[in-house]
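The values are calculated or read from the model by the stated rules, or taken from the named source; none is laboratory data. Because the structure is a prediction, the values reported are computed rather than measured. Every residue, glycine as well, gets a Cβ built from its backbone with ideal geometry; the counts of neighbours run over all protein chains shown.
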Amino acid sequence: MIIAPSILSADFSRLGDSLKETVDAGADWLHIDMMDGTFVPNISFGPMVMAAVRPLVDCVFDCHLMIDQPERYIQAVVDAGADYVTIHVEATAHPHRAIQMIKQAGVKAGVVINPGTPVSAIEPLLADCDLVLVMSVNPGFGGQKFIPNAVDKVAQLAHIRQEKGYDYLIEVDGGINEQTGAQCKAAGADVLVAGSYVYKHANMRQAIDSLR
Ligand code: DX5
Ligand code: ZN
């Protein structure tokens, strides 16, 4: 199981040190949540902040774009050091084109679905995806309660992957803790994103180990 702490819950007043601690505590990836205040009702940070912390840690940067028309920012986040760029199918009329753009920029491409979006909405894209992210909260904020319909979507994606011979990773994001993480793992998830659970835990290493 790949564990990707969401830096949205890190201490922004000392972000670099907080991310070093996260990687030292055993994080495999860092999950980078970019929000535009339009696609979601919150604003986080953009490529400049990511570029500033990128040289401080050696791990995979998993960039989740909660941005309308994400095509506009693909090159900027790749230049800032993203290893995976994941776009919402709900945020663009041309998700297939966006995935091609991400791959042409030389990094891994992911697609993400909100809790109200069925797996069928991304079926035509799956052959081209390196990663599929299933939201288990409505995006915009950390610390929300897990929405259980994500578990069934993970199982559907695992089934399609096996049936068609695809090789995307299945990632879940929102309300992940020891219990909900175990449900996602049992359904076939490969990557767990966790923000508040990891950063509010008294012992970060223990939190990460408990998810794994
Ligand atoms: C939600 C973000 C998540 C969020 C998860 O909009 O995409 O990555 O930080 O936070 P928790 O784990 O606290 O639900
Ligand atoms: Zn996220």
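General observations
- Only a single item in (1) surrounded by 15 or more Cβ atoms within 10 Å (Cβ to Cβ); (2) over 29 Å from A80 (Cα atoms); (3) of a type in the set (S, T, N, Q) is not met by Q179, and it is number (1).
- Against the criterion of being within 11 Å of the chain's Cα centre (by Cα) and within 18 Å of D83 (Cα to Cα), C63 qualifies.
- Among residues of the stretch 94-114 that are touching a residue at least 12 places away in the same chain (Cβ under 8 Å) and in a loop (DSSP other than H, G, I, E, B), those with a Cβ under 7 angstrom from a residue that is among the acidic types (D, E) and surrounded by fewer than 20 Cβ atoms within 10 Å (Cβ to Cβ), sequence gap 6+ or separate chain, pair up as V107/D83; N114/E90.
- Residue, farthest from ligand 2 (Cβ to nearest atom), within the stretch 114-156, restricted to residues that are within 19 Å of I2 (Cβ to Cβ) and of a type in the set (V, I, T): V151
- Count - residues of the stretch 23-44 that are away from ligand 1 (no atom under 13 Å from the Cβ) and not small (G, A, S): 4
- Meets criteria (within 15 Å of ligand 1 (Cβ to nearest atom) and surrounded by 14 or more Cβ atoms within 10 Å (Cβ to Cβ)) for V57: no
- Screening D173, D190 for residues that are within 14 Å of ligand 2 (Cβ to nearest atom), under 18 Å from the mean Cα position of the chain (by Cα) and in contact (Cβ under 8 Å) with a residue 60 or more places away in the chain leaves exactly one candidate, D173.
- Residue list for the stretch 27-38, restricted to those being surrounded by 16 or more Cβ atoms within 10 Å (Cβ to Cβ) and either within 19 Å of M48 (Cβ to Cβ) or away from ligand 2 (no atom under 16 Å from the Cβ) (or both): L30, H31, I32, D33, M34, M35, D36
- Which numbered condition E21 misses (of (1) free of Cβ contacts under 8 Å to residues at least 60 places away in the same chain; (2) more than 15 Å from ligand 2 (Cβ to nearest atom); (3) of a type in the set (D, E, K, R)): (1)
Residue-by-condition table, conditions (1) within 16 Å of ligand 2 (Cβ to nearest atom); (2) at pLDDT 95 or above; (3) surrounded by 15 or more Cβ atoms within 10 Å (Cβ to Cβ):
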position: A91; (1), (2), (3): yes, yes, yes
position: A98; (1), (2), (3): no, yes, yes
position: G106; (1), (2), (3): no, yes, no
position: A158; (1), (2), (3): no, yes, yes
position: K164; (1), (2), (3): no, yes, no
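- For the stretch 31-68, the set of residues classified as assigned to a loop (DSSP other than H, G, I, E, B), under 18 Å from D11 (Cβ atoms) and in contact with a Gly (Cβ under 8 Å, 6 or more places away or on another chain) consists of N42 only.
- Filter pass, A202 being of a type outside the set (F, W, Y) and within 14 Å of ligand 2 (Cβ to nearest atom): no
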